[in-house]
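Remarks on the structure that follows.
The values are calculated or read from the model by the stated rules, or taken from the named source; none is laboratory data. The shown structure was predicted, so the numbers you read here are calculated from the model rather than taken from an experiment. Neighbour counts are summed over all protein chains in view; Cβ atoms, including those assigned to glycine, are modelled from backbone coordinates with ideal geometry. Accessible surface areas use protein heavy atoms only, side chains included; no ligands, DNA or RNA. Shrake-Rupley method; radii C 1.70, N 1.55, O 1.52, S 1.80 Å.
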Amino acid sequence: MVYDHLSRAPLPLVNRKAVLGLGRDVERFGRLSDELIEQALDSIEALVRMAQDVPVSSLDLLATAGVRSAENGDALCMAIKGRTGHEVSILSGNEEARLSAMGVMSAVPGLTGVIGDLGGGSLELIAVREGAIVDQTSLEIGALRLIERAEGDLAKAPAIVNNVLEGVTWLKAWRDQPFYAVGGAWRAVARLHMAQQAYPLQMVHGYRMALRETRDFIELLEHLGPKTIAKIQAVSPKRAETIPWGSVVLECLSRILRPDEFFYSAHGLREGHHFRMLDTQTQLEDPLLTACHELAGQHRRFADASETLLTWLSPLLARMPAMTERLARSACIIADMGWGEHPTYRAPQSMLRVLRMPWSVLDHLERAFLALAVFVRYGGSSGSKFVADCHRLLDEDAIADAKALGKALRLALEICSGRGPVLAATRIEDHDSYLVLAVRQEALSVGTDKIERYAASTGRALHVPIKVVIEDRGPEIGKAAR
């Protein structure tokens with residue numbers, strides 16, 4: 001993985017992998033075969049060469065359970081150094097668990113629940129409370145090792161998994177909390193479920209499933225088998241083999257933990273290592289706000305006016321029951337990003353840019369809410385297919401608030417054209433049964449009829465009338481507005 005820079009919302013410039021299945025040899029022989037070592041060396045040498053060609057400012061090679069558990073894992077690492085000139089850090093089980101947890105927490109700050117990372121050689125389980133790791137363990141029941149231990153008989157797998165999980169004494173204390181699923185086999189489960197549901201988004205990160213639907217779907221996958229699963233386009237044939245086995249592990253964990261929901265994460269160990277490299281101040285930044293600033297920075301026409309926008313909106317936000325300050329701030333940051341599009345396509349283009357934002361730091365509800373707000377901000381038609389997609393992901397209160405916020409942003413940006421000082425020459429006053437939009441004469445750059453029309457539309461969305469009052473010029477404000 002090559003990232004564009006160290007940030008709370010990094011973008012992968014290159015994301016390459018080679019599926020070798022080290023865990024299978026480790027479980028079968030206790031060591032890596034000569035053939036597999038040669039394949040690993042060729043693959044790693046190619047990846048290192050690619051990274052050097054970018055070029056990267058730093059390069060770290062990390063080895064996990066497949067190398068850690070192999071008798072000749074150290075020999076492989078020495079061979080890698082000989083081929084590439086780079087040292088390999090073999091992570092302990094606790095280190096692997098900690099980095100996996102940090103990866104998830106980098107995208108979901110302050111989370112409480114259990115994180116599980118299922119690889120080919122091991123399963124890491126980490127209990128987290130309000131962003132702090134409380135318990136962790138690493139278990140040698142990765143999907144490939146489980147296949148070998150069960151001799152390829154899926155019916156034997158539940159007993160094997162349950163026997164291992166019984167040794168994790170802290171698990172039962174974390175019942176009824178969310179479970180955050182990491183790892184290729186589990187992400188493939190999510191992709192298959194999304195395909196079955198004709199889900200409107202294709203990115204796995206942030207996908208949620210309830211406990212009952214997870215169990216029902218796992219039961220379906222166990223009956224299908226890997227050959228049938230391999231024919232489904234949503235997953236790769238190489239991944240299909242491990243899906244039923246990963247499903248067994250997920251089912252066993254669900255019986256013990258009874259999580260209120262499953263949250264599928266695209267962030268894991270690699271993202272955790274990146275997060276560990278950040279300074280403390282950067283780690284404390286909100287990744288959603290950082291991603292919105294990154295997106296807006298690529299398309300902004302004037303200086304950032306998001307703080308002025310947020311302050312201006314505050315009387316309106318108080319009337320939006322589903323609104324959070326975090327979502328409102330995010331919407332203000334990206335509210336003017338579509339100015340460079342053709343006017344006919346600003347609404348759908350801006351909506352898609354938010355809905356399909358490449359950063360894996362938004363869940364699907366946040367994507368849909370912000371996309372719908374931006375769509376309405378640009379005057380989009382309610383008959384669009386993408387509006388229907390957003391409606392499917394949001395409840396009625398969230399839909400109403402996203403539309404109200406979009407209309408309020410449209411009103412604000414129609415007044416100021418993205419210029420904070422101009423907006424600061426206006427204000428909204430709350431008089432309980434009605435609102436007043438006071439606009440100083442020098443802030444007028446459009447006709448009052450248009451402002452009144454947008455104010456009326458915003459008022460209807462909030463179920464409160466908005467009166468527009470044009471005030472006399474104030475010399476000191478007029479100077480600031482210019």
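On the stretch given as the stretch 394-421, residues that are among the hydrophobic types (A, V, I, L, M, F, W, C) and surrounded by fewer than 23 Cβ atoms within 10 Å (Cβ to Cβ) total 5. Among the candidates F386, F369, the residue that is aromatic (F, W, Y), touching a Pro at 6+ places or on another chain (Cβ under 9 Å) and within 23 Å of A190 (Cα to Cα) is uniquely F386. Counting only residues that are outside any helix (DSSP H, G or I) and either at pLDDT below 95 or open to solvent by 50 Å² or more (accessible area, probe 1.4 Å) (or both), the stretch 151-173 holds 6 of them. Return the residue satisfying two criteria in turn: it lies in the stretch 318-335 and is crowded, with 18+ Cβ neighbours inside 10 Å and modelled with pLDDT under 95, and of such residues it is farthest from the chain's Cα centre (by Cα). The qualifying residue farthest from the chain's Cα centre (by Cα) is M320.
Against the definition (surrounded by fewer than 18 Cβ atoms within 10 Å (Cβ to Cβ) and under 15 Å from the mean Cα position of the chain (by Cα)), how does Q298 come out, yes or no? The answer is no for Q298.
Evaluation of I80 against the conditions (1) crowded, with 20+ Cβ neighbours inside 10 Å; (2) within 24 Å of E124 (Cα to Cα) shows that the sole unmet condition is (2). Filtering the stretch 333-356 to residues that are under 18 Å from C390 (Cα atoms), touching a residue at least 12 places away in the same chain (Cβ under 8 Å) and part of a helix (DSSP H, G or I) leaves I334, R346, A347, P348, S350, M351, L352, R353, V354, L355. When restricted to residues that are open to solvent by 10 Å² or more (accessible area, probe 1.4 Å), modelled with pLDDT of 95 or more and of a type in the set (A, V, I, L, M, F, W, C), the stretch 109-146 contains 4. Which residues, taken from the stretch 41-68, are open to solvent by less than 40 Å² (accessible area, probe 1.4 Å) and in contact (Cβ under 8 Å) with a residue 40 or more places away in the chain? Listed by number, the residues that qualify are L41, A51, A65, G66, V67. Do we find that L76 is under 24 Å from E251 (Cα atoms) and either in contact with a helix residue (DSSP H, G or I) (Cβ under 8 Å, 6 or more places away or on another chain) or in contact (Cβ under 8 Å) with a residue 40 or more places away in the chain (or both) in this structure? When the stated conditions are applied, L76 does not pass them.
When the stretch 174-219 is filtered for residues that are polar (S, T, N, Q), more than 27 Å from R353 (Cβ to Cβ) and surrounded by fewer than 16 Cβ atoms within 10 Å (Cβ to Cβ), only Q196 remains.
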